[in-house]
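Undergrad: Pasting a structure here, questions to come.
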Amino acid sequence: MRFLISVAAAATALFATAAHAEVVPAPMVDIVQPTTPTNRPLNDAEKKLGMDQGRALPPPELLQPSLDSALPAYVPIKGRLHGHFKGAASDVLAVLARRWAAAFAKYQPGVTIDIPPPYAGSLGAKELVKQNLDFVFVSRELKPDDITDFNAKFGYPPLSVPISGGSYRAYGALDAVGFIVNRDNPIDRISFAQLDALLSVTRHRGGAAVTTWGQLGLTGEWADKPVHVYAIKPWNGFEEFVRQRVLSVPGKRGEWRTDLNFLDVVFPLAKAVANDRYALGYTGLAYLDAPVKVIALQQDGGGLAIPATYEAVARADYPLSRLTYFNVNKKPGARLDPAIEEFLRFVLSREGQAIVRDQGTFMPLRGGQTDRARSLLAN
């Protein structure tokens, strides 16, 4: 079994608006890859082991990224820092977080960073609100309820600092998200504006509602056929990520159409699309266990549609590459504790991202990403 990733070979700006989409022909290459194994939810024993020790991650991809030469070298602050801090981590980040803490201790032996079990990102975020923890490593965006609860108590949201990329297609390790269609479908790319017009009732990106394949530029027998959308029922990490990246714009949260084919979990989604000629859906790349086509994505503002290739994810060019976060209570305009700020400077350095690369599961950040992350520390 195979799935296809369609790669554009021309730098033509496509799909300018959802209401008047026009397909501009461009040479295409289909990259054929084996489907992934069918994954299953963790059983109770695996969940307990993950909470106690950290989740066992799959073997690294055969392809591995190089470090970006633009990453800054770590230059320790002058003088010794001191402090004892307690944090929490998602089960898939437990090992990486402990490695960061151990490496940082060699530079600052007066700083103790404890990251004890249980390992669960959702638990850690709740404990951050209760002020039982100083920070929490979470392998996804925080839940809206977590942010609402934090804001209600402190009057501002928690600071979420990106600390690594996700994985390419490692099950359970923040795999990149792809939009998929049936193999018979001739479409090979789609824009965020079109997706917003198709998936949301809010349509913050300005397009008119889309319901047919003809409105997405297809002709002939496809023109009047309805788009059967398969999505994941809120709340879910995949659903929240797509909602934030595609349906939402700064200051405005997007809302899903209520008549989509919502599935309770992500596991069966690829098979559902493979069995429906007129389907479109989204899923993690680790869940492509059926022969479907992964289409290239174009963000608003023109430019190339980017396919979901390993290199595009590793370079952080692919629009639905993911991130992991360090979450901490930082009042706007105030400085973090010097030891925590220095720890983050280390994590966001070449030395800190080398630890990510050496673990082999998550993608190290690019230089521009660490620049933006470090700027959050001063705001």
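A short reminder: the numbers here are calculations on the coordinates, not readings from a lab. If you're wondering where the values come from, they're calculated on a predicted model, not measured in any experiment. Here Cβ is always computed from backbone atoms with ideal geometry, including for glycine, and neighbour counts include all displayed protein chains.
Undergrad: Work out the length of the dipole vector of the chain about its Cα centre, built from +1 on the beta-carbon of each Lys and Arg and -1 on the beta-carbon of each Asp and Glu, and round it to the nearest 20 debye. List each step's numbers first, then the result.
TA: Working: 42 positive and 37 negative charges, 176 e Å.
The dipole of the chain has a size of about 840 debye.
Undergrad: Among the aspartates and glutamates, select those whose C-alpha is under 13 Å from the C-alpha of residue 126, and discard any that sit fewer than 8 residues away in the same chain.
TA: Within the straight-line limit of under 13 Å, residue 126 reaches these aspartates and glutamates: 134, 145, 146, 149.
Undergrad: Using the crude model of +1 on Lys and Arg Cβ and -1 on Asp and Glu Cβ, and no other charge, please compute the dipole size for segment 173-314 relative to its Cα centre, in debye to 20. Show your work: numbers first, answer last.
TA: Values: 14 positive and 15 negative charges, 52 e Å.
I would put it at about 260 debye.
Undergrad: Could you tell me the calculated FRET efficiency between residue 42 and residue 73, based on Cβ-Cβ distance and R0 = 51 angstrom, to the nearest 0.05?
TA: 0.85
Undergrad: Once the piece of chain linking residue 103 and residue 244 is laid out straight, how much longer is it, given 0.36 nm per residue of separation minus the C-alpha distance between them?
TA: Result for the pair: 47.4 nm of gain on full extension.
Undergrad: Same structure again: Nearest-5 percent of antiparallel DSSP beta bridges in the chain?
TA: 60
Undergrad: Hey, what number do you get for the chain at 222 nm if only DSSP H runs of n ≥ 4 count, each worth -39500 (n - 2.57), divided across all residues, to the nearest 500? Let's see the in-between values first.
TA: Values: 11 runs with 100 residues, N = 379.
Computed ellipticity for the chain at 222 nm equals -7500 deg cm²/dmol.
Undergrad: Can you give the FRET efficiency for residue 334 and residue 130, using 1/(1 + (r/R0)^6), R0 = 30 Å, r = Cβ-Cβ distance, to the nearest 0.05?
TA: Step by step, r from the Cβ atoms, then E = 0.90.
Undergrad: Follow-up. Taking the dipole about the Cα centre of the chain, with the C-beta of Lys and Arg at +1 and of Asp and Glu at -1, give me whichever of 54, 192, 102 is farthest to the positive side.
TA: 102
Undergrad: Continuing with this model, one more query. Take the alpha carbon gyration tensor of segment 173-314, find the square roots of its eigenvalues, order them as a ≥ b ≥ c, and report rounded if a/c is under 1.5; if not, report prolate when a/b exceeds b/c, else oblate.
TA: Rounded is the answer for segment 173-314, as its axis ratio a/c remains below 1.5.
Undergrad: Related question: With labels modelled as points extended 7 Å from the Cα through the Cβ direction, what inter-label distance (nm, one decimal) is found for residue 51 paired with residue 264?
TA: 2.1
Undergrad: Shifting gears a bit: Between segment 156-172 and segment 275-351, how many Å separate their Cα centres?
TA: 7
Undergrad: Pop a pseudo-label 7 angstrom from the Cα along the beta-carbon direction at both residue 276 and residue 153 and give the gap in nm to one decimal.
TA: Going from the residue 276 label point to the residue 153 one covers 4.0 nm.
Undergrad: Identify, among 287, 235, 201, the residue whose Cα sits farthest towards the positive end of the charge dipole of segment 173-314, taking +1 on the Cβ of Lys and Arg and -1 on the Cβ of Asp and Glu, with the dipole about the Cα centre.
TA: Farthest towards the positive pole: 201.
Undergrad: Taking the Cβ-Cβ separation of residue 372 and residue 201 as r and a Förster radius of 35 Å, what is the calculated FRET efficiency to the nearest 0.05? All intermediate terms of the calculation are to be shown ahead of the outcome.
TA: On the way: r = 31 Å, r/R0 = 0.89.
The formula returns an efficiency of 0.70 here.
Undergrad: Among 289, 259, 114, rank each residue by its count of other Cβ atoms within 10 Å, from fewest to most, as a rough exposure measure.
TA: Details: 289 20, 259 9, 114 13.
Sorted ascending by nearby Cβ count, the order is 259, 114, 289.
Undergrad: Under the definition of Cα pairs under 8 Å and six or more residues apart, what whole-number percent is the relative contact order of the chain? Kindly include the intermediate steps, with their values, before the conclusion.
TA: Working: 821 pairs, mean separation 105.1, N = 379.
After rounding, I find 28 percent.
Undergrad: So how do 363, 51 line up by other beta-carbon neighbours within 10 Å, fewest first?
TA: So the residues, fewest neighbours to most, are 51, 363.
Undergrad: To continue, here is another question. Only bridges with both residues in segment 173-314 count here: give the DSSP antiparallel percent, nearest 5.
TA: Just about 55 percent of them are antiparallel.
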